[in-house]
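The values are calculated or read from the model by the stated rules, or taken from the named source; none is laboratory data. Every value quoted in this text rests on a predicted model; they were computed, and no experiment measured them. Cβ placement follows ideal geometry from the backbone for every residue including glycine, while neighbour counts extend to all protein chains displayed.
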Amino acid sequence: MRVLWVTNLIPSVFSEKLGLIDNQKEGWVSGMLDALRGIKEREGITLAIASPVSKLYPEGIIESIDGIDLYGFHENEKPEIYEETLEKTFVAIIRDYRPDMIHIFGTEFPHTRAVCECIRKYGENLSFSSDRVLIGMQGVMGELADHYLDGIDPGIVRRNTFRDIVKYDGLEAQKLKFSIRSQNEIIALMSAGHITGRTTFDRAYTEKWAKRAKYHFMNESLRSEFYEGVWEYEKSKAHTIFMCQANYPIKGMHYVLKALPKLISKYPDIRIRVAGDSITSHKTLKEKLKLSGYGKYLLGLEKMIQKETGITPDITYLGKLTIDDMKREYLSAGMFLCPSTLENSPNSLGEAMLLGIPCVAANVGGIPDIIKDGQEGILYEGGNIEALENAIEEMFEKSPDELKALGEKASERARKDHDREENLKTLIKIYKDITG
């Protein structure tokens with residue numbers, strides 16, 4: 001069985017060998033690859049991977065590890081721009097590798113549509129049909145586009161900074177770009193033969209657009225480092241909240257800042273620590289010129305908090321974190337927060353649950369399918385500031401024993417959902433179903 005993976009990023013094992021900076025995103029792909037490498041010969045699987053690379057690398061095979069070839073392809077850096085030339089690139093890859101099936105991870109980028117268009121237009125000449133194309137749902141672009149600006153006043157949406165004007169990347173433009181990407185997603189889903197998903201939310205969406213596809217339920221395996229270690233109350237920092245990403249509206253940082261005044265009045269030592277670069281930096285002229293409309297909006301909310309409470313909010317943007325640093329932040333925090341306006345099944349929440357960290361999350365998208373309110377964490381009505389305040393306060397007021405019990409239940413659930421061995425068995429079964 002010859003399987004071709006098409007991924008959004010170069011898997012960690014290849015980026016390390018190539019001397020590239022591993023951005024730590026999409027760790028589930030590396031997790032699945034780690035699991036598959038050990039048994040692929042036993043299952044009769046030959047694997048190759050195609051990933052986008054910079055133009056410093058030629059297209060075609062650029063590296064090989066354990067008999068797995070990495071094909072590089074060039075893609076426009078702006079994911080809303082679709083270039084038909086990419087279809088011919090995949091024609092060349094398919095002709096060279098001759099896969100029995102293709103597994104595409106995610107719908108966020110043009111290459112997913114390019115693979116599906118390539119098969120639709122040239123499949124007969126390639127002796128390959130769309131019935132052997134499997135798309136794994138990650139984000140759900142169509143729904144994300146609809147909810148991109150939730151919770152932001154229209155007047156704020158229309159304000160553009162110097163950076164936004166130069167890059168045509170203000171909030172309205174960003175939403176439009178997401179809408180364009182959702183159209184590429186729909187085109188791909190309409191022609192794919194198979195879909196993997198894991199929530200009621202993504203199943204309903206794919207059934208709307210991928211009417212001819214077979215839906216396969218499959219949970220994701222996460223990065224191996226997060227299956228070891230456990231959160232301990234005694235080693236955590238009370239009233240410290242850890243979040244993953246805040247650099248665009250979907251991640252919901254504006255909701256958190258709106259909730260902070262009330263929380264600060266009761267917990268003046270509250271701290272927010274966020275993985276990812278700060279988009280509110282404005283000390284130097286360069287930083288001021290790079291300030292986005294959303295960053296300026298968050299900065300204004302921070303100043304509002306200081307004016308209302310007399311306290312400067314303790315918010316730290318941690319930059320890009322290594323896996324070890326990320327794990328350290330999880331374990332040292334008093335709780336993990338996922339305040340997104342919409343998510344399918346955020347892997348950051350899965351990682352936190354694996355480690356047994358008390359979790360608070362917005363009850364949106366696929367989140368209620370992966371964490372049970374009141375038993376494994378606390379869910380609140382997404383976009384409701386008062387509900388967010390109350391959920392954080394409820395978590396802060398729990399006793400050490402209650403927090404431990406909540407974390408243990410979350411870890412038990414996550415270890416079942418993200419069981420690497422069971423997920424690998426499911427993956428192999430799906431592959432055999434597709435290839436016959």
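Looking at the stretch 355-384, which of its residues are surrounded by fewer than 17 Cβ atoms within 10 Å (Cβ to Cβ) and farther than 20 Å from HIS254 by Cβ?
Across the stretch 355-384, the qualifying residues are PRO368, ASP369, LYS372, ASP373, GLY374, GLN375.
Would a scan of the stretch 276-284 turn up a residue that is at negative phi, surrounded by fewer than 18 Cβ atoms within 10 Å (Cβ to Cβ) and in a helix (DSSP H, G or I)?
If we filter the stretch 276-284 for residues that are at negative phi, which is where we start, we get 277-284.
Checking the rest, the ones that are also surrounded by fewer than 18 Cβ atoms within 10 Å (Cβ to Cβ) come to 277, 281-284.
Now restrict to residues that are in a helix (DSSP H, G or I): none.
Scanning the stretch 276-284 turns up no residue that is at negative phi, surrounded by fewer than 18 Cβ atoms within 10 Å (Cβ to Cβ) and in a helix (DSSP H, G or I).
Please go through the stretch 51-61 and give me each residue that is touching a residue at least 24 places away in the same chain (Cβ under 8 Å) and within 26 Å of the chain's Cα centre (by Cα), ordered by number.
SER51, PRO52, VAL53
Filter the stretch 30-49 down to the residues that are free of Cβ contacts under 8 Å to residues at least 60 places away in the same chain and either outside the structural domain of ARG95 (by TED's automatic domain parsing) or under 17 Å from ILE104 (Cα atoms) (or both), then identify the one that is surrounded by the most Cβ atoms within 10 Å (Cβ to Cβ).
If we take residues in the stretch 30-49 being free of Cβ contacts under 8 Å to residues at least 60 places away in the same chain and either outside the structural domain of ARG95 (by TED's automatic domain parsing) or under 17 Å from ILE104 (Cα atoms) (or both), then ILE49 is surrounded by the most Cβ atoms within 10 Å (Cβ to Cβ).
Return yes when VAL230 is crowded, with 22+ Cβ neighbours inside 10 Å and modelled with pLDDT of 95 or more and no when it is not.
no
Among the residues of the stretch 6-49, how many are of a type in the set (S, T, N, Q) and at pLDDT 90 or above?
Total satisfying the criteria: 3.
Under 25 Å from CYS359 (Cβ atoms), of a type outside the set (A, V, I, L, M, F, W, C), surrounded by 17 or more Cβ atoms within 10 Å (Cβ to Cβ) and out of contact with any Lys or Arg (no Cβ under 6 Å at 6 or more places or on another chain): is that true of TYR330 in this structure?
Yes, satisfied.
Hey, could you check the stretch 266-307 for residues that are modelled with pLDDT under 95 and either assigned by TED's automatic domain parsing to the domain that holds GLY155 or acidic (Asp, Glu) (or both) and say which is nearest to the chain's Cα centre (by Cα)?
ASP277
Are any of the residues in the stretch 377-392 farther than 19 Å from ASN247 by Cα, touching a residue at least 40 places away in the same chain (Cβ under 8 Å) and touching a strand residue (DSSP E or B) at 6+ places or on another chain (Cβ under 7 Å)?
yes
Could you identify the single residue in ALA114, ALA204 that is surrounded by fewer than 16 Cβ atoms within 10 Å (Cβ to Cβ) and under 22 Å from the mean Cα position of the chain (by Cα)?
ALA204
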